[in-house]
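Read the structure below first, then the notes.
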Amino acid sequence: METALTLTTDMKLVLGLVGFTMVMFVFERIRADVVALVVLVLLGLSGLVEPEELFNGFSGNAVIAIIATMILGAGLDRTGALNRLAGWLLRRAQGLEQRLLLLTTGIAGLNSSFMQNPSVMALYMPVASRLSSRTGVPLPRFLLPIAAAIVMGGGLTMVGNSPLILLNDLLVAANSNLPSGAATLEPLKMFAPLPIGLALLAASLLYFRFFGYRQLGDEEGKGVTPARTQSYFAKAYGIEGDVYELTVTADSPLVGMSLGEAEALRGAPLLLALKTGNEARLAPPADARIWVGSVLGAMGSREQVNDFAQNHFLRLSTRLRHFGDLFNPSRAGISEAVVPPTSRFIGKTQADLQLRKQYGLSLLAINRDKQVLRDNVRNTPLRSGDMLVLHSIWTDLAEAAASKDLVVVTDYPKGEQRPHKLKIALVIFAISMLLALSSRLPVSIALMTGVAGMLIAGVLNIDEAYAAINWRTVFLMACLIPLGWAMDSSGAAAWVAGHTLEQLPEGTPPWLLGLLLGLLTTAFSLVISHVGATIVMVPLAINLALAAGGNPTAFALIVALSASNNFMTASNPVIAMITGPAGYTTQTLWRVGAPLSLLYLLVAVAMVNLLF
C-alpha cells in the first residue's frame, strides 16, 4: 500500500473536523450531541459527504439496533425482572459478602451482553441499593465492580455496547474504499467476540476479588444509599420481617372474622393482603371477611408469624404462591407520606377515611413529633404534619398523592409495572436473540422483531417505548457516523496510517501495532466518548492493518473493544452514572480504574490475536 500519500484539501478538512470534535468534547462548553450535529452540518456544507448520504446514519443498522436494545431493556424493566433477581441473589449468597458480590457482578456482566451498558447500569443501581440495604454492605463496594463487569460483559456479543454495534456498519462502509486486490471485509456474527468477552469478564471478577475490592475499603460509609428501604423502616419504625402466606383452615377461629378483628388479636402480624376465592387484593378493607381457604399476606418476623399461625390453626408458607405479583417490589412496597395543613384527612381516623377500601393504602405506623405510634393506629385521629408509613401498590399511592391530601416523600416507581408479563417478555426476548443468531437477518431486524412483540403483547405501550429511547445517544452516533465515512473516503485515514508506520521501526509486529492502536483508542475514549473514538479510529485501524500486512477485521475489533476501556472518567456513561450515588472521588476512580483499564487492554489484544 502506498504510504507517501499527498495531503489533499479534503483530508485537511476532515482532520480539522476531527480535531474540532475532540476539542469541543474535551472542554464540554457545548453538549456532545449538539457538537455532533454541528459536525454533520459542516460535513454537508463542505461537500465531504454527498447530500443524499449525509443523513443515512439515522437509518443505519447500528442506530436502529441501539434503539431496539433500549426499548427491549425497558420492557424487561417493566416486568420487575431485576427485582426478582435481587431476591434470588440474596438467597444464593447465603449472607456471604464475597459470594454476593461475585454473583451480582457476574450476572450483571452477562446481562450487558444483550442490552446497552447504561441501560443495564440503570437497572442494576436499584438492585445494588436493595442489596446494600439488606446486607449492610456499603453501596460503593457494589457499584464500581458492577459497572466494570457491565462494561467488560458488553464484549460478549455484537450488540453489547455502542462501539461493537457500530463496528459492522463501519466494516461494510470501508469496503467501498479498499485498494484493489484487498479482501472484502465481512460483518462479524452475533457471538463472534464471545471468547473475548468471557475472558474480559473473568478478568474483571478476578481483579476485584484479589485487588480492586480492597481498594474500595476506605469508601465505606460514603455514597448515598437510598433511605427508603426495608432497613430504614426497620430502624425508624420497627417494621421489619418478610411476607408470608397464611392459609385459613376449617379449625381456625379466624373463620367468619373481619380482617379488622383479626388484626386486633394479640400478637397479630401486619395483615397486608387477602385472597378469598379467586380474588386477591392488597390493602383489603377492615370489614372484609375471612373464610375457610382464605389466604392472608402477613408481614413480620418469622417467629411472630409462625406463633400466630400455630395459635390460630393457619398453614404457613414462606413461598408467595398467591401474592407473588402483588408483593413484587417493582409493583408495591412501603412508603412515607406527610399530612399537609390543607388535607381533608386532619382530625379523621383510618377507620373514618377507610384508607384501604377507598385508596388501597394500609397504614402501618404514624410518626408524630418524633414519636412512633404503631398500636391502634386504626383509631388514631390524624394531625397536620403526621408522617404516615403506608404499604400499597405504587399506582394506588400515586392516585392518593394526586388528591393533595397526602404528600409522598418516598421515591417510588411512577410508571405502571407489569410483573405478570415477565414470562411473555422473556420469551419474546429469547426469540429476538435466536433470530439475531441467524446469519440470514441483520441484528437490527431481529431486535426490532422483539420490540414489535413486546408492544403487541402489552409489555410496553408505544409511548413508553418512545420514552425509553435515549435520543441524545442516538443523535450523537447518527451524526458522527458520516465523519467516519469522510475519514475513509477522503483518504485521511490512509494518510495517517501511512505516516504512523513511517515513524515506527521497520518490521514492527502486528500484535504490537494492535496494542498501540488499543492504547491510542483508550486515550481517545477518555476525552471524546466511546462512540466518537470508534468512528474516528476504525477507518484508521483498517488502513493501518492494510499497510502493515495485518488483519483489518482484527485491528478494527481491537478499536471497538478499546473504545469502552474507560473506568476512570465520566466520559464513560456507565461510570458517570455511579460516581454521584457512590460518592467516588477522582482519586478513587483512577486508583482502582487505571490498573483495570491496563488489564482490559492486555486481555483484549491478546484474545483478538489468538482468535484472528
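The values are calculated or read from the model by the stated rules, or taken from the named source; none is laboratory data. Owing to the predicted nature of the structure, the values given are computational and were not obtained by experimental measurement. A quick note on method: Cβ atoms are made from the backbone with ideal geometry, for glycine too, and the neighbour counts reach across all protein chains shown.
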>> Condition first: out of contact with any Ser or Thr (no Cβ under 7 Å at 6 or more places or on another chain), in a helix (DSSP H, G or I) and farther than 25 Å from Leu447 by Cβ. Now tell me which residues in the stretch 169-200 satisfy that.
In response: Ser176, Ala199
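Results for (1) aliphatic (A, V, I, L, M); (2) touching a residue at least 60 places away in the same chain (Cβ under 8 Å), shown as yes or no for each residue.
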residue	(1), (2)
Ala149	yes, no
Asn161	no, yes
Ile165	yes, yes
Asn168	no, yes
Ile196	yes, yes
> When Tyr584 is evaluated against the numbered criteria (1) among the aromatic types (Phe, Trp, Tyr); (2) at pLDDT below 90; (3) not in a loop (DSSP other than H, G, I, E, B), which criterion, by number, is the only one it fails?
Replying inline: (3)
> With Val39, Val63 as the choices, which residue is within 16 Å of Ala533 (Cβ to Cβ) and of a type in the set (A, V, I, L, M)?
Replying inline: Val39
>> Can you tell me how many residues within the stretch 1-47 are of a type in the set (A, V, I, L, M, F, W, C), over 25 Å from Trp471 (Cβ atoms) and out of contact with any Gly (no Cβ under 8 Å at 6 or more places or on another chain)?
In response: 4
>> I'd like to know if the stretch 39-54 contains one or more residues that are surrounded by fewer than 18 Cβ atoms within 10 Å (Cβ to Cβ) and within 28 Å of the chain's Cα centre (by Cα).
In response: no
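Go through the stretch 326-342 and give me each residue that's touching a residue at least 60 places away in the same chain (Cβ under 8 Å) and surrounded by fewer than 20 Cβ atoms within 10 Å (Cβ to Cβ). If you could, list the steps in order and put the result at the bottom.
Residues of the stretch 326-342 that are touching a residue at least 60 places away in the same chain (Cβ under 8 Å), as a first pass: 326-340, 342.
Within the stretch 326-342, Val338, Pro340, Thr342 meet the criteria.
Taking the stretch 65-114 as the search range and keeping residues that are not hydrophobic (A, V, I, L, M, F, W, C) and not in a helix (DSSP H, G or I), which one is modelled with the lowest pLDDT?
Step one: of the stretch 65-114, the residues not hydrophobic (A, V, I, L, M, F, W, C) are 69, 73, 75, 77-80, 83-84, 87, 91-92, 94-95, 97-99, 104-106, 109, 111-113.
Within this subset, residues satisfying the condition of being not in a helix (DSSP H, G or I) are 79-80, 94-95, 112-113.
Numbers: Thr79: 84, Gly80: 73, Gln94: 65, Gly95: 58, Ser112: 86, Ser113: 86.
That would be Gly95.
Here is a check on your reading of the model: is Ala563 under 23 Å from Leu205 (Cα atoms) and of a type in the set (A, V, I, L, M, F, W, C)?
Numbers: under 23 Å from Leu205 (Cα atoms): yes; of a type in the set (A, V, I, L, M, F, W, C): yes.
Yes.
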>> Here are the criteria: (1) over 24 Å from Arg141 (Cβ atoms); (2) at pLDDT 90 or above; (3) surrounded by fewer than 20 Cβ atoms within 10 Å (Cβ to Cβ). Tell me which single one Ala309 does not satisfy.
In response: (3)
>> As an exercise: evaluate Leu7 against (1) at pLDDT below 90; (2) buried (at least 16 other Cβ atoms within 10 Å of the Cβ) and give the number of the one condition it does not meet.
In response: (2)
> Within the stretch 365-422, can you find the residues that are of a type in the set (Val, Ile, Thr) and farther than 20 Å from Gly347 by Cβ?
Replying inline: Val372, Ile393, Thr395, Val408, Val409, Thr410
>> Cβ contacts < 9 Å: first residue within 24 Å of Leu54 (Cα to Cα), restricted to the stretch 170-182; second residue of a type in the set (D, E, K, R) and part of a helix (DSSP H, G or I), any location; separation 6+ or different chain. Result?
In response: Leu170/Asp488; Ala173/Asp488; Ala174/Asp488; Ser176/Asp488; Asn177/Asp488
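Restricting attention to the stretch 370-410, and to residues there that are polar (S, T, N, Q) and surrounded by 14 or more Cβ atoms within 10 Å (Cβ to Cβ), which single residue is nearest to Arg356 (Cα to Cα)?
The initial filter retains those residues of the stretch 370-410 that are polar (S, T, N, Q), namely 371, 376, 379-380, 384, 392, 395, 403, 410.
The next check asks that each one be surrounded by 14 or more Cβ atoms within 10 Å (Cβ to Cβ); those that pass are 380, 392, 395, 410.
Numbers: Thr380: 15, Ser392: 9, Thr395: 14, Thr410: 19 Å.
Only one residue tops the list, namely Ser392.
Every residue, every condition in (1) within 28 Å of Asn551 (Cα to Cα); (2) surrounded by fewer than 19 Cβ atoms within 10 Å (Cβ to Cβ), yes or no:
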{"residue": "Asn111", "(1), (2)": "no, no"}
{"residue": "Ala128", "(1), (2)": "no, no"}
{"residue": "Gly160", "(1), (2)": "yes, no"}
{"residue": "Asp169", "(1), (2)": "yes, no"}
{"residue": "Ser176", "(1), (2)": "yes, yes"}
>> Regarding the stretch 181-202, can at least one residue be identified that is farther than 19 Å from Asn609 by Cα, at pLDDT 85 or above and within 20 Å of the chain's Cα centre (by Cα)?
In response: no
>> Would you confirm whether or not the stretch 341-349 contains a residue that is under 20 Å from Tyr244 (Cα atoms) and within 39 Å of the chain's Cα centre (by Cα)?
In response: no
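Hey, does the stretch 400-417 have a residue that's over 30 Å from Val338 (Cα atoms) and not small (Gly, Ala, Ser)? Can you show your working first?
The first filter runs over the stretch 400-417 and keeps only residues over 30 Å from Val338 (Cα atoms), leaving none.
There is no residue in the stretch 400-417 that is over 30 Å from Val338 (Cα atoms) and not small (Gly, Ala, Ser).
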> Among the residues of the stretch 564-606, how many are more than 27 Å from Phe210 (Cβ to Cβ) and either of a type outside the set (Gly, Ala, Ser) or crowded, with 24+ Cβ neighbours inside 10 Å (or both)?
Replying inline: 1
> Can you find even one residue in the stretch 306-323 that is under 20 Å from Lys357 (Cβ atoms), touching a residue at least 40 places away in the same chain (Cβ under 8 Å), assigned to a loop (DSSP other than H, G, I, E, B) and under 37 Å from the mean Cα position of the chain (by Cα)?
Replying inline: yes
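Considering only the stretch 131-143, I want to know if a residue exists there that is at pLDDT 90 or above, part of a helix (DSSP H, G or I) and crowded, with 18+ Cβ neighbours inside 10 Å.
Step one: of the stretch 131-143, the residues at pLDDT 90 or above are none.
No: zero hits.
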